[in-house]
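The values are calculated or read from the model by the stated rules, or taken from the named source; none is laboratory data. Predicted model only: the values in this text are computed from it and were never measured. Accessible surface areas use protein heavy atoms only, side chains included; no ligands, DNA or RNA. Shrake-Rupley method; radii C 1.70, N 1.55, O 1.52, S 1.80 Å.
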Amino acid sequence: LERRLIVGGIWSMYANSHSQVNSSEGGYSLKDVLGESGANRDHSTAREMIRDISKLAEEVDSSIYCGVGVVRVLKQGGQYIIASHVEGRGASVTASRGVLLAINDRV
């Protein structure tokens, strides 16, 4: 679920031509997930990150839902219940086996 109508999170929203990853490459590379050989250089640029995120989004397109604002997440037994607001459609409730909260605490 992605609140905005475009994937990329902080990279597509705030990054500029001088933005770089603030950690070594092994901590964030998507190459292994994409099935690509090689690696990004340490402290990759925003352009490299957005390119990799776009490639990954193409691979999992049917599992990405944009324009969805998460309102609440509740753990219930072995699953999570996600209350959300879907842009143009209203309230929605979804069940999931897992939840990942992706935020940037430096902005």
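With respect to the stated conditions, Asn16 fails to be open to solvent by less than 60 Å² (accessible area, probe 1.4 Å), part of a loop (DSSP other than H, G, I, E, B) and modelled with pLDDT under 90. Any residue at all in the stretch 22-30 that's open to solvent by 60 Å² or more (accessible area, probe 1.4 Å) and either among the aliphatic types (A, V, I, L, M) or modelled with pLDDT of 90 or more (or both)? No, the stretch 22-30 contains no residue that is open to solvent by 60 Å² or more (accessible area, probe 1.4 Å) and either among the aliphatic types (A, V, I, L, M) or modelled with pLDDT of 90 or more (or both).
Candidates are the residues of the stretch 38-47 that are assigned to a loop (DSSP other than H, G, I, E, B) and at pLDDT 70 or above; the one that is farthest from Asp61 (Cα to Cα) is His43.
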